[in-house]
Amino acid sequence: MSEKSKTLPKELQLVASAHVKYIQSLDTRKDEYEYWLTEHLRLNGLYWGLTALHLLGHPEALPRTETIDFVLSCQHENGGFGAAPGHDAHMLSTVSAVQILAMIDAFDDLEARGKGKAQVGKYIANLQNRQTGTFAGDEWGEEDTRFLYGAFNALSLLGLLDLVDVDKAVDHVVACANFDGGYGVSPGAESHAGQIFTCVAALTIAGRKNLVDADRLGKWLSERQIAGGGLNGRPEKKEDVCYSWWVLSSLEMIGKTHWIDRDQLIAFILRCQDPENGGISDRPGDMVDVWHTLFGLTGLSLLEYPGLEPVDEVYCLPKSTTERILGK
Amino acid sequence: MADQGGSAHGIARTSRVRTEEQRKVELDKIAKYRELEDQVRSGVARGDTSPGLFQLTSKLLRLNPEYYTVWNVRRRLLTSGLLSKSSAASSPLTVSLTASPTATTTPPSAALSSSSLSATQPSPASPTAGRSGTTADSPAGEGKVSAADATPEAAAAAGQKKDFDVLKSELEFTIPLLLDSPKCYWIWSYRLWLLQQVIDRLSVSMARRVWQEELGLASKMLTRDRRNFHAWGYRRHVVAQLESPRLGGESMVEAEFEYTTRMIRMDLSNFSAWHSRSKLIPRLLDERGADDSTRKGFLDEELGLIREALNVGPEDQSLWYYHQFLILNLVNPVGHPTLTPAFSLEDRVTYVTREIQDIKELLEDYDDVKLIYEALLEYTLYLGQLQGRKLDGAEKDELAEWLQKLKKLDPMRNGRWTELERECGLVEMEAFET
């Protein structure tokens, strides 16, 4: 941690080294039933943990070669990745795989030892519904703006966005917009902060952020902060640390982060830490998990909490990664 | 990505220390789980398509409904033997789960090219194809195809009966899992895949019967959690399908509108219901063939309803968002469906002015509710825009007063109030005051 953060009062300190240890411990919990029940999230979990470590300034805390080996062991012939060896290919795990390889600068390994970038791009592009522009999660057809964003995220990192019909996809996102300025999971669905992130980020990647009603959306997003400083995901719902990412990154993309109370949100996130064993939970006093740990840290990073690496609000990757790959 | 399950929501933090006995019990549980998983995996690897493997997937999914690969194993077992071979539409990617509010004019779900996905296509026809074997736990289904079904018609009817039984049994299998994990994406998506099979494989009347029951499930799930967006999305999809010509349907917009009224009466704070209402209204009015005066009457009623609600709950955001929806219809009628297209500019100004007046009256009882000031600010700015004029001195004074109130009542959003102050040209006034 930087010198600056050490001078903060105890309740405002990030227990960074405990978080690093917590994340490192995740793959050693094979004697816990939960470890086996969550295998369908292994690759996503690796992405969540590794991104958190990068933001904490400890990118080396997970061994690079083993990480690449594991990621490549999840790849299928068709280019897609499953959540773990023996799990079917899916958009969500494929996006995580691309993000991990991007973060540790391992696209060359994907070319040399995996099925190659082009095959990954083909897998993703084939999941686009060419009539409506949206994307399915896998061959069985579930459609959701989460998958559309994931496709844009991974394809643009691979430099293969031209494999898909970007204009059609943009039309679909626009069709998901609601009167309150927000976006839903599909046309007709209620605005939801998670879905707003995926839609605004997809439009940003497509270079069409001008289609967002920034003023109305900014108002809606800023109203997500409730008493206690935390953010909720929809009107009249409880606060949750993960919205420190979905809401805040969206505010950042439309230039309205200053519309909420920075200090109160920082204090809320820090109250959700497990100060002894590391990790961050949804609300103070609850069980921690790697998912909330990442989104607590990305929130703090967007709020420029001292000592954290800057996070890219569109890609949910360290800024250093997107700068290296996209030159932004 | 958005929550995919597996994260700990709302579970109290407890000490991780286990006794040796607890550890042993957990290790035993792990061993049993992994053995079951191994059995399923090795069955798949040998190309087993038997009801035995099917039952193992039931057991595994009951332990872990998030195991999406096992749901896929189950789909492949169904399409490669347990369901009849008659359907041409059993290949993947023929189901579009996107609910469309204009379903009556939407073509049948879009089929994507599945040829490009050959690497993960279900295995080819299995040696046990045509064999009976249906339900999650008792594979001896009632719809056996026997030698008695000699004629092609009889065989087809028997095939449909068998598929009906299999699919019904599958739908039942997922119910307890959904009740336990109402936010599990994989169960909802498996269920929708089954329902697509129902459309592809059964006669219109049989399929309609099955789909109609889904409305009951959606209602049940929404009774348990009024805001579950999976259940609301499911409901929209089910309604869109029931309305579609493929299921011989007709518009259900009146009934669905009624449903939102019931949900709102039960709980004014249910924004999901208000949202749904906002999406149904333009269609409702079109389908009623509402003339201009009916539309005006409708708007009056909605404004009355929401005003009544605001009188008792002005601190509820859900109500204000719906109010905003109605006001935007007046202020910004271009580019989206509108309730009252025939309103003149004068009508619009009259309505917005009246709403501002009514909201000001709310202040008499609730002068410390920040949402009231927000609405006043917003609508006053709309009024200026609507009339294409700058705000006058009196209005500016009011804006300045409301902004001061907001800064006091809602300091969390001070960045927003300060910016608004600047945009409205009120900064000098503030400087003058201090």
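The values are calculated or read from the model by the stated rules, or taken from the named source; none is laboratory data. For clarity, every value in this text was computed on a predicted model and none was experimentally measured. Cβ sites come from the backbone with ideal geometry, for glycine too, and all protein chains shown count toward neighbours. Each accessible area value is taken on the protein alone, full model and side chains, heavy atoms only, with ligands, DNA and RNA left out. Shrake-Rupley method; radii C 1.70, N 1.55, O 1.52, S 1.80 Å.
For this structure, a couple of remarks:
- Residue match in the stretch B:320-341 (condition: crowded, with 17+ Cβ neighbours inside 10 Å, away from every other protein chain (no Cβ under 14 Å) and more than 21 Å from residue A:191 (Cβ to Cβ)): yes
- Hey, residue B:384 touching a helix residue (DSSP H, G or I) at 6+ places or on another chain (Cβ under 8 Å), open to solvent by less than 30 Å² (accessible area, probe 1.4 Å) and either away from chain A (no Cβ under 14 Å) or modelled with pLDDT under 90 (or both) or not: yes
- When A:41, A:12 are checked against the criterion of being within 14 Å of another protein chain (Cβ to nearest Cβ), touching a residue at least 40 places away in the same chain (Cβ under 8 Å) and among the hydrophobic types (A, V, I, L, M, F, W, C), A:41 stands alone in meeting it.
- Which listed residue, of B:307, B:295, B:226, B:262, is of a type outside the set (Asp, Glu), more than 30 Å from residue B:195 (Cα to Cα) and open to solvent by 60 Å² or more (accessible area, probe 1.4 Å): B:307
- Checking residue A:184 against (1) in contact with a strand residue (DSSP E or B) (Cβ under 8 Å, 6 or more places away or on another chain); (2) within 13 Å of chain B (Cβ to nearest Cβ); (3) open to solvent by less than 10 Å² (accessible area, probe 1.4 Å), the condition it does not meet: (1)
- Selection from the stretch A:108-132 of residues that are more than 9 Å from chain B (Cβ to nearest Cβ) and part of a helix (DSSP H, G or I): A:108, A:109, A:110, A:111, A:112, A:117, A:118, A:119, A:120, A:121, A:124
Residue-wise test of (1) among the acidic types (Asp, Glu); (2) modelled with pLDDT of 95 or more; (3) open to solvent by less than 10 Å² (accessible area, probe 1.4 Å).
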position	(1), (2), (3)
A:222	no, yes, yes
A:246	no, yes, yes
A:256	no, yes, no
A:262	no, yes, no
A:282	yes, yes, yes
A:298	no, yes, yes
A:322	no, yes, yes
A:326	no, yes, no
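- Residue A:266 being more than 9 Å from every other protein chain (Cβ to nearest Cβ), surrounded by fewer than 24 Cβ atoms within 10 Å (Cβ to Cβ) and more than 23 Å from residue A:203 (Cβ to Cβ): yes
- If you go through the stretch A:107-152 and keep only what is of a type in the set (S, T, N, Q) and crowded, with 20+ Cβ neighbours inside 10 Å, you end up with A:126, A:128, A:129, A:132, A:134, A:145.
- Matching entry among B:13, B:41, B:23 (being facing chain A (nearest Cβ under 10 Å), in contact with a Ser or Thr (Cβ under 7 Å, 6 or more places away or on another chain) and not hydroxyl-bearing (Ser, Thr, Tyr)): B:13
- From the list B:50, B:96, B:91, the lone residue that is within 12 Å of chain A (Cβ to nearest Cβ), open to solvent by 20 Å² or more (accessible area, probe 1.4 Å) and modelled with pLDDT under 95 is B:91.
- When residues of the stretch B:241-252 are limited to those that are open to solvent by 10 Å² or more (accessible area, probe 1.4 Å) and either within 13 Å of chain A (Cβ to nearest Cβ) or part of a helix (DSSP H, G or I) (or both), the one nearest to residue B:330 (Cα to Cα): B:241
- Among the residues listed as A:59, A:85, A:63, the single one being closer than 14 Å to residue A:48 by Cα and open to solvent by 20 Å² or more (accessible area, probe 1.4 Å): A:59
- Any hit, the stretch B:268-281, residues being at positive phi and modelled with pLDDT of 95 or more: no
- Taken together, B:376, B:362, B:371 contain a single residue that is open to solvent by less than 50 Å² (accessible area, probe 1.4 Å), in a helix (DSSP H, G or I), in contact with a helix residue (DSSP H, G or I) (Cβ under 7 Å, 6 or more places away or on another chain) and within 12 Å of chain A (Cβ to nearest Cβ), which is B:371.
- Any hit, the stretch A:10-28, residues being of a type in the set (Asp, Glu), under 23 Å from residue A:287 (Cα atoms) and open to solvent by 50 Å² or more (accessible area, probe 1.4 Å): yes
- For the stretch A:224-244, filtered to residues that are touching an Asp or Glu at 6+ places or on another chain (Cβ under 8 Å) and among the acidic types (Asp, Glu), the residue that is most open to solvent (accessible area, probe 1.4 Å) is A:236.
- Evaluation of residue A:179 against (1) open to solvent by 20 Å² or more (accessible area, probe 1.4 Å); (2) over 20 Å from residue B:320 (Cβ atoms) (one fails), failing number: (2)
- Residue A:51 being more than 10 Å from chain B (Cβ to nearest Cβ) and surrounded by fewer than 24 Cβ atoms within 10 Å (Cβ to Cβ): no
- Among the residues here, residue A:104 does not qualify as more than 13 Å from every other protein chain (Cβ to nearest Cβ), within 20 Å of residue A:326 (Cα to Cα), open to solvent by less than 10 Å² (accessible area, probe 1.4 Å) and in contact (Cβ under 8 Å) with a residue 12 or more places away in the chain.
- All helices (runs of 4 or more DSSP H) inside the stretch A:158-271 with 3 or more residues being over 24 Å from residue B:409 (Cα atoms): A:166-175, A:193-205, A:243-253
- Filtered by the rule that a residue be away from chain A (no Cβ under 14 Å) and outside any helix (DSSP H, G or I), the stretch B:253-293 gives B:288, B:289, B:290, B:291.
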